[in-house]
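Chemist: This is the structure, below, for whatever I ask next.
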Amino acid sequence: MHGLEQAGEILLLLVQTALWLLRPPWRMRLVFKQMEFVGVKSLNVTILTGAFTGGVFALQTYHGFSLFGAESLVGSTVALALARELGPVLTSLMVTGRAGSAMAAELGTMRVTEQIDALYVMAVNPVQYLVLPRVVASVVMLPLLTIVADFVGIMGGYVVGVHLLGINAGIFVAKIIEYVDPEDIMQGLFKAAIFGLILSLVGCFKGFYTYGGAEGVGRATTEAVVLASVTILAADYVLTALMF
Amino acid sequence: MAQPEAIIELRDIHKSFGAQKVLDGLSLLVPRGRITVIIGRSGGGKSVILKHMIGLIKPDRGQVLVDGQDIRPLDDREINQLRKRFGMLFQDAALFDSMTVFENVAFPLREHSRFNEKKIREVVEEKLGLVGLTGHGDKMPSQLSGGMRKRAGLARAIALEPEIILFDEPTTGLDPLMTDAINRLIKNTQAKLGITAVVISHDIQGAFQVAHQIAMLHQGRIIASGSPEAIRDSDDAVVQQFIHGRAEGPIEVL
């Protein structure tokens with residue numbers, strides 16, 4: 001029952017955010033600031049995640065595929081898995097841990113120190129001032145980060161597959177081109193945008209309704225990461241079932 | 001003495017948080033252009049009264065009237081119009097900790113005035129000067145002492161020169177000298193700008209120093225209200241116990 005109530009409240013926050021999207025003033029400065037925070041500052045962690053995921057995936061599939069002489073398909077398998085699943089999902093989970101948690105902590109602190117009340121008192125709507133820029137930035141930046149993760153991941157797979165395991169470079173690349181369609185990548189990016197919406201909305205929601213001082217901020221942060229991660233994985237299943 | 005016109009009127013306000021009844025049929029008139037100090041015990045719901053006045057909290061029952069208009073049915077836009085007439089100093093100042101002191105004071109101006117950057121700078125410097133913080137504009141709130149934060153919060157609250165300023169425990173936790181300085185600041189600001197001020201306090205000495213009207217909150221109601229002299233001479237045992245700070249009396253302390 002509590003879960004249902006919470007889902008309803010998050011949806012309400014989504015509706016409010018969407019309504020504010022249509023109403024000026026649009027605070028581009030705040031949006032850019034959040035884009036930098038969510039996007040640019042998540043670049044390192046995205047690159048590391050992508051590279052190692054691509055690498056280990058090449059390693060694992062090689063062991064399996066070499067049993068029946070299908071080593072040539074390692075590249076395309078890695079690329080498909082990254083574009084459709086691992087790129088968007090792992091990127092979103094990493095950004096949830098980095099930025100979603102920070103959103104909950106920042107808004108939570110603002111709540112318990114009455115800064116959110118101060119916004120209301122100064123006739124500035126906190127959903128428009130705090131939540132909207134974070135949600136917009138996340139929806140825009142997650143697909144971009146996913147592109148980076150996909151690309152770096154394939155590079156990682158290439159390094160492991162071609163340089164360490166000795167797969168022919170030409171075949172590795174040719175099979176990727178043969179089997180990976182632009183739609184695979186686009187659908188992955190669409191997922192990433194949805195995951196960006198989930199992680200920012202949940203992070204902001206948990207922060208916005210924080211109560212109970214420093215302990216409350218800690219609780220909000222933890223709950224935001226757990227709830228957003230689980231929701232992303234569940235949404236991934238639903239989106240995949242619908243799209244592919 | 002003729003009763004001055006009320007700018008804010010609370011009528012029979014009831015408010016509970018969960019099972020705890022905080023306000024129980026509270027009524028209060030806030031006269032225009034005067035300083036009203038609400039005294040009462042910590043945790044007695046004094047802040048809740050202020051938050052009702054500005055629509056941050058809605059009453060379970062009862063009415064909040066500003067200039068005779070009930071604020072409950074107002075929509076977002078109307079309540080924002082109303083809030084622009086208010087300034088509020090929060091208990092811990094509630095400065096935005098991601099901004100400098102200057103940006104904090106400039107915030108309401110950037111949001112709600114059409115001033116250009118030069119004019120904004122001028123107004124902010126003037127307000128910072130008024131609260132004795134000239135030259136501290138570039139600091140972050142975390143670099144300020146408690147008293148300085150309160151003064152910065154006050155500068156932000158008066159930036160748009162509102163008609164009504166609400167002070168939530170402006171002197172709590174300050175040393176006696178800073179307490180006196182803040183009390184003078186409230187008195188001078190009010191006298192200079194002719195505004196209406198509502199001050200929440202349990203600093204009795206300060207209350208008698210600044211107030212035109214004192215109202216005493218006890219068990220969710222205003223049990224006495226009047227001029228400082230009237231309160232001092234009140235024959236209500238509760239009021240007498242509170243203003244003399246005695247542990248024994250009709251109020252159960254422990």
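Chemist: Test B:A19 against the criterion of being among the aliphatic types (A, V, I, L, M) and free of Cβ contacts under 8 Å to residues at least 12 places away in the same chain, and give yes or no.
Modeler: Criteria met by B:A19.
Chemist: Out of contact with any strand residue (DSSP E or B) (no Cβ under 6 Å at 6 or more places or on another chain) and modelled with pLDDT of 90 or more: which single residue out of B:R232, B:R246 fits that description?
Modeler: Just one listed residue meets the conditions, B:R232.
Chemist: Tell me whether the range B:53-68 contains one or more residues that are of a type in the set (A, V, I, L, M) and without any contact (Cβ under 8 Å) to a residue 12 or more places away in the chain.
Modeler: yes
Chemist: Here's a follow-up. What do you reckon, is A:A118 within 14 Å of chain B (Cβ to nearest Cβ) and within 20 Å of A:V45 (Cα to Cα)?
Modeler: Taking the combined requirement at face value, the residue does not satisfy it.
Chemist: Sticking with this structure for a sec: Return the only residue of A:M155, A:M110 being modelled with pLDDT of 95 or more and within 14 Å of another protein chain (Cβ to nearest Cβ).
Modeler: Just one listed residue meets the conditions, A:M110.
Chemist: Next question. Taking the condition touching a helix residue (DSSP H, G or I) at 6+ places or on another chain (Cβ under 8 Å), within 30 Å of B:S113 (Cα to Cα) and of a type in the set (A, V, I, L, M), does A:V89 pass?
Modeler: Working: touching a helix residue (DSSP H, G or I) at 6+ places or on another chain (Cβ under 8 Å): yes; within 30 Å of B:S113 (Cα to Cα): no; of a type in the set (A, V, I, L, M): yes.
Taking the combined requirement at face value, the residue does not satisfy it.
Chemist: Are any of the residues in the range B:243-251 within 16 Å of B:Q205 (Cα to Cα), in contact (Cβ under 8 Å) with a residue 12 or more places away in the chain and more than 19 Å from the chain's Cα centre (by Cα)?
Modeler: Yes, the range B:243-251 contains at least one residue that is within 16 Å of B:Q205 (Cα to Cα), in contact (Cβ under 8 Å) with a residue 12 or more places away in the chain and more than 19 Å from the chain's Cα centre (by Cα).
Chemist: Might you let me know whether the range A:76-99 holds any residue that is surrounded by fewer than 21 Cβ atoms within 10 Å (Cβ to Cβ), within 14 Å of another protein chain (Cβ to nearest Cβ), out of contact with any strand residue (DSSP E or B) (no Cβ under 7 Å at 6 or more places or on another chain) and closer than 29 Å to A:P25 by Cβ?
Modeler: no
Chemist: If B:Q91 passes every condition in (1) assigned to a loop (DSSP other than H, G, I, E, B); (2) out of contact with any strand residue (DSSP E or B) (no Cβ under 9 Å at 6 or more places or on another chain); (3) within 30 Å of B:D203 (Cβ to Cβ) but one, which one does it miss?
Modeler: (2)
Chemist: Can you tell me which residue in the range A:167-193 is farthest from A:G156 (Cα to Cα), limited to those that are surrounded by 21 or more Cβ atoms within 10 Å (Cβ to Cβ) and in contact with a Pro (Cβ under 9 Å, 6 or more places away or on another chain)?
Modeler: Across the range A:167-193, the extreme among qualifying residues is A:K191.
Chemist: Quick one: count up the residues across the range B:110-140 that are at the interface with chain A (Cβ under 10 Å from one of its Cβ atoms) and touching a residue at least 12 places away in the same chain (Cβ under 8 Å).
Modeler: Summing the residues that are at the interface with chain A (Cβ under 10 Å from one of its Cβ atoms) and touching a residue at least 12 places away in the same chain (Cβ under 8 Å) in the range B:110-140 gives 1.
Chemist: Hey, any hits in the range B:78-100 for a residue that's over 24 Å from B:I54 (Cα atoms) and more than 14 Å from chain A (Cβ to nearest Cβ)?
Modeler: There is at least one residue in the range B:78-100 that is over 24 Å from B:I54 (Cα atoms) and more than 14 Å from chain A (Cβ to nearest Cβ).
Table: residues versus (1) β-branched (V, I, T); (2) surrounded by 17 or more Cβ atoms within 10 Å (Cβ to Cβ); (3) at negative phi; (4) in contact with a strand residue (DSSP E or B) (Cβ under 7 Å, 6 or more places away or on another chain).
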residue	(1), (2), (3), (4)
B:A6	no, yes, yes, yes
B:L29	no, yes, yes, yes
B:I35	yes, yes, yes, yes
B:I38	yes, yes, yes, yes
B:P73	no, no, yes, no
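Chemist: Within the range A:25-46, work out how many residues are in a helix (DSSP H, G or I) and buried (at least 21 other Cβ atoms within 10 Å of the Cβ).
Modeler: 4
Chemist: Going through A:V124, A:V136 one at a time, which residue ends up being closer than 30 Å to A:T231 by Cβ and touching a His at 6+ places or on another chain (Cβ under 9 Å)?
Modeler: Values: A:V136 fails: touching a His at 6+ places or on another chain (Cβ under 9 Å).
Being closer than 30 Å to A:T231 by Cβ and touching a His at 6+ places or on another chain (Cβ under 9 Å) holds for just one of A:V124, A:V136, which is A:V124.
Chemist: Continuing with this model, one more query. Inspect the range A:126-137 for any residue being within 14 Å of chain B (Cβ to nearest Cβ), in contact with a Phe, Trp or Tyr (Cβ under 6 Å, 6 or more places away or on another chain) and not β-branched (V, I, T) and give the result as yes or no.
Modeler: Looking through the range A:126-137, at least one residue is within 14 Å of chain B (Cβ to nearest Cβ), in contact with a Phe, Trp or Tyr (Cβ under 6 Å, 6 or more places away or on another chain) and not β-branched (V, I, T).
Chemist: Checking the conditions here, which among A:A220, A:A192 is among the hydrophobic types (A, V, I, L, M, F, W, C), more than 24 Å from A:L119 (Cβ to Cβ) and touching a residue at least 60 places away in the same chain (Cβ under 8 Å)?
Modeler: Going through A:A220, A:A192 in turn, just one is among the hydrophobic types (A, V, I, L, M, F, W, C), more than 24 Å from A:L119 (Cβ to Cβ) and touching a residue at least 60 places away in the same chain (Cβ under 8 Å): A:A192.
The values are calculated or read from the model by the stated rules, or taken from the named source; none is laboratory data. Just so it is clear, the structure is predicted and the values come from calculations on it, not from any experiment. Cβ sites come from the backbone with ideal geometry, for glycine too, and all protein chains shown count toward neighbours.
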